[in-house]
Amino acid sequence: MGLTAHIELRLGSLDLAIDLEARDAETVAVLGPNGAGKTTLLRAVAGLLPIDSGCIRLDDQVIDDGERIFVPPERRPIGVVFQDYLLFPHLDAIDNVAFGLRSRGIRRAAANRVAAELLEQVGLGEQKHAKPAELSGGQAQRVALARALAIQPRLLLLDEPLAALDVTARAAVRRDLSRHLEAFDGVRLLVTHDPLDAAALADRIVILERGMVVQTGSLADISTHPRSDYAAELVGVNLLRGTAHTDHVTLTTGADIVVPDAGTGPALVVIHPRSIAVHRTPPSGSPRNVIDGRVDAIDRFGDRVRVHITGDVPLVAEITPAALHDLALDAGAPVWAAIKATDINAYPA
Amino acid sequence: MSGRGRRAPWLLVLVALIAFAFLALPLVGLIREVPWRSLWDDLSEPQARAALRLSMVCSLWATFLAVVFGVPLAWVLARQPFPGKSLVRALVLLPMVVPPVVGGVGLFYAFGRQGLAGRLLYDWFGIQLTFSTAGAVMAETFVAMPFLVITVEAALRAMDRRYEDAAATLGASQLAVFRRVTLPLIKPGLVAGALLTWARALGEFGATITFAGNIQGRTQTTPLAVYLLLETNPRVAIGLSLVLLAVCIAVLALLRDRWLGSAWG
């Protein structure tokens, strides 16, 4: 039981073609850059946008087949937490939460009782009669969550549930949200562009780029075997492409990288920035790969420094501020990057 | 025009002052002539009282009808795609620019006793709109409704439609979304539109006199009474003019303070 979606949908310049599955009590995060089609995907599942072709099935029910069947949003058992939450500004917190129940014909008193209980559960019993404008971002998010859960949906959709919050509130709200998601036993599908949110909230990550699913898996899978530049950048590793010849990979730029064992054929090579040693003179000794290049840019993040190196093999190396000081690196400086073969992960493309 | 910094070119300022004087002087002229001391007695004169009462009744009815029919029209124009929409919108807004007397002639040939629809109304139901208070209400509605439609349509376009999406996912039917989410969210625009509509209906002259005629107590609204009394009893005419002016200023002030600020920036 759960969600099975095969969606084809064209909207402006976006061409969405997606296969997606999510089981009960599983949180799936759709992760992708802006314009990848994440929100469009959510709108299609919610019924706010009919699909061109394909099939969306929730449990045993087909809710959109692109032809004859289209269940309108008000009749889908789906709760949505929208980006910016979209709490109705003219209603107070409890009326917002009770909105779905009232829409289903439940009397005010009964609806308010359920709504009050839900607000209590998300820790907002005191804010029952607050208008959305009087709530903080984190509180508004919890009201939005309670509102979506009030209709007892089978599927919960969350669109960038943390993007509207400032950094200080985020970590706490993320923990909270994670707890509330666990308590919901239907399917949880969330859309985000932040890998931290995906890592903290999701059991499984689906990477969406230009309207297509490029990779599915746990964060650990994606960290060790990213399949696109975007995925590699998300998890902060170098991704190179080439052709494997058992013990080395010939990159598309012509350079050879020595690897433990890569089989043969098209291959991807992952190198963690921390596995790269940076030298000002050609190093001697054990490292099997020495790549020369020039420093392109230097980024400092607190106690880490990322050195962008250009050349036959573009790389990002991570070193300590002390090493940066010792090496006296500047943009344009010639450098040699040394990588042990055993620190390189190569796999079929 | 402050002491420091660049000065505005004097020619522009001079012409602007002339324009302002041209607009302001008639008001001053009117207010100077107001017989303040006898004002209450003048307005209590039977013809004046009848006109004021009738104006109140007709303009409120016209506003009510404009809201009831104009809001759905604005919704269709703002939300529903259909062929020939720009033509429909142009027709809807036409009464704002067409001379009201022309509107009155049109109403006469549409709803008059020999008119397109008026003949049927008379033959079937014995209803005659010309020379009746209902006719005066119709004339005012015809001229004033576009103000409501244009204001409400703008509010509908400006509102964040994702609230309607949110309501739909919560199980609200389209009609329920309109009633429970859309209407409350466009309320400032709706109130502003209704006020503008009311002010326009209150001042309506040309279409009313052409279509509904000028019968004291039945179709002679305040503007009509002002026009006639200016010959026979100018003191009363000036008093009634002051009332109309005061109402318009009050409406403008209300729109500015309460609604224009938020609805129209």
Consider the stretch B:103-128. How many of its residues are farther than 21 Å from B:Gly70 by Cα and without any contact (Cβ under 8 Å) to a residue 24 or more places away in the chain?
16
Complete set of residues in the stretch A:299-344 that are among the hydroxyl-bearing types (Ser, Thr, Tyr) and either more than 30 Å from A:Ala262 (Cα to Cα) or in contact with a Cys (Cβ under 8 Å, 6 or more places away or on another chain) (or both):
A:Thr320
Lone qualifier among A:Leu48, A:Leu87, A:Leu91 - being among the aliphatic types (A, V, I, L, M), facing chain B (nearest Cβ under 9 Å) and in contact with a Ser or Thr (Cβ under 9 Å, 6 or more places away or on another chain)
A:Leu48
Residue by residue through the stretch B:137-186, note down the ones that are hydroxyl-bearing (Ser, Thr, Tyr), within 13 Å of chain A (Cβ to nearest Cβ) and part of a helix (DSSP H, G or I).
B:Tyr163, B:Thr169, B:Thr182
Quick check on the stretch A:212-230. Is at least one of its residues in a loop (DSSP other than H, G, I, E, B), over 14 Å from the mean Cα position of the chain (by Cα) and under 28 Å from A:His129 (Cα atoms)?
no
Filter result for the condition that a residue is farther than 29 Å from A:Asp229 by Cα, of a type outside the set (Ser, Thr, Tyr), assigned by TED's automatic domain parsing to the domain that holds A:Gln152 and not in a loop (DSSP other than H, G, I, E, B), over A:Glu67, A:Glu74
A:Glu74
Using the structure shown, decide if A:Ile78 is within 25 Å of A:Ala163 (Cβ to Cβ) and within 14 Å of another protein chain (Cβ to nearest Cβ).
yes
Kindly check whether there is at least one residue in the stretch A:115-129 that is within 14 Å of another protein chain (Cβ to nearest Cβ) and either without any contact (Cβ under 8 Å) to a residue 60 or more places away in the chain or under 24 Å from A:Ala25 (Cα atoms) (or both).
yes
Candidate set from the stretch A:301-323 (those that are of a type in the set (D, E, K, R), touching a residue at least 24 places away in the same chain (Cβ under 8 Å) and not in a loop (DSSP other than H, G, I, E, B)); member that is surrounded by the most Cβ atoms within 10 Å (Cβ to Cβ):
A:Glu318
Give me the helices (runs of 4 or more DSSP H) completely within the stretch A:107-184, filtered to those with at least 3 residues that are surrounded by fewer than 16 Cβ atoms within 10 Å (Cβ to Cβ), ordered by residue number.
A:108-121, A:167-183
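The values are calculated or read from the model by the stated rules, or taken from the named source; none is laboratory data. None of these values were measured; they are calculated from a predicted model. Here the Cβ is made from the backbone with ideal geometry for all residues, glycine too, and neighbour counts use every protein chain on show.
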